[in-house]
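Q: Before anything else, here's the structure in question.
The values are calculated or read from the model by the stated rules, or taken from the named source; none is laboratory data. Every value quoted in this text rests on a predicted model; they were computed, and no experiment measured them. Cβ placement follows ideal geometry from the backbone for every residue including glycine, while neighbour counts extend to all protein chains displayed.
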Amino acid sequence: MSTPQKKILIIEDEVSILNGISDKFTLEGFLVIRAIDGQDGLDKALKNHPDFIIVDNLMPNTDGFYFLEKLRADKWGKKAPVVMWSNSHDASTFSRAKKIGILDFMVKSDWEYRDVVKKVNDFLGV
């Protein structure tokens, strides 16, 4: 019997980055759910209950913090595994995100897509 396909939600407003990371996760066997801002991500998270979520912090309309605060208010969302990634990496952003319950904070420019996939697999115990 095969292992069920893992679902990952990627919330990212920069289309080229969203396409690139989505393609990498798809190639690695994930079912990828894509969202372009915090509200879109929240709607898709609560509907699909992904196994893992990557959320950008800085997005137009609704940002990563909006997403996290609303997600954590939901019964399922309280424990959903989330990594925040952003190019904004000041200490206050990291601290605020940790208080809301992220697993990790990744600076986009420091990571190759393959390394992000490896990190997610490590969190999922794959």
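Q: Pairs needed: first member in the range 35-55, surrounded by fewer than 20 Cβ atoms within 10 Å (Cβ to Cβ); second member anywhere, modelled with pLDDT under 95 and part of a helix (DSSP H, G or I); C-beta distance under 7 Å; at least 6 residues apart or different chains.
A: If the second residue must be modelled with pLDDT under 95 and part of a helix (DSSP H, G or I), the pairs left are ASP51/LEU124.
Q: Another question, then. Could you tell me whether the range 80-91 includes any residue that is in contact with a Gly (Cβ under 9 Å, 6 or more places away or on another chain), more than 20 Å from LYS6 (Cβ to Cβ) and in contact (Cβ under 8 Å) with a residue 12 or more places away in the chain?
A: Scanning the range 80-91, I find at least one residue that is in contact with a Gly (Cβ under 9 Å, 6 or more places away or on another chain), more than 20 Å from LYS6 (Cβ to Cβ) and in contact (Cβ under 8 Å) with a residue 12 or more places away in the chain, so the answer is yes.
Q: If you don't mind, there's one more thing I want to ask. Can you tell me which residue within the range 1-34, out of those that are under 17 Å from VAL83 (Cβ atoms) and touching a Gly at 6+ places or on another chain (Cβ under 8 Å), is surrounded by the most Cβ atoms within 10 Å (Cβ to Cβ)?
A: So the residue we want is ILE11.
Q: Let me ask something additional. Under 11 Å from the mean Cα position of the chain (by Cα) and modelled with pLDDT under 95: does that describe ASN57?
A: When the stated conditions are applied, ASN57 passes them.
Q: Another question, if that's okay. State whether the residues of the range 61-68 include one that is within 19 Å of PHE123 (Cα to Cα) and either touching a residue at least 12 places away in the same chain (Cβ under 8 Å) or surrounded by fewer than 22 Cβ atoms within 10 Å (Cβ to Cβ) (or both).
A: Yes; the residues of the range 61-68 include at least one that is within 19 Å of PHE123 (Cα to Cα) and either touching a residue at least 12 places away in the same chain (Cβ under 8 Å) or surrounded by fewer than 22 Cβ atoms within 10 Å (Cβ to Cβ) (or both).
Q: Among the residues of the range 92-126, which ones are at pLDDT 90 or above, aliphatic (A, V, I, L, M) and in a helix (DSSP H, G or I)?
A: Selection gives VAL116, VAL117, VAL120, LEU124.
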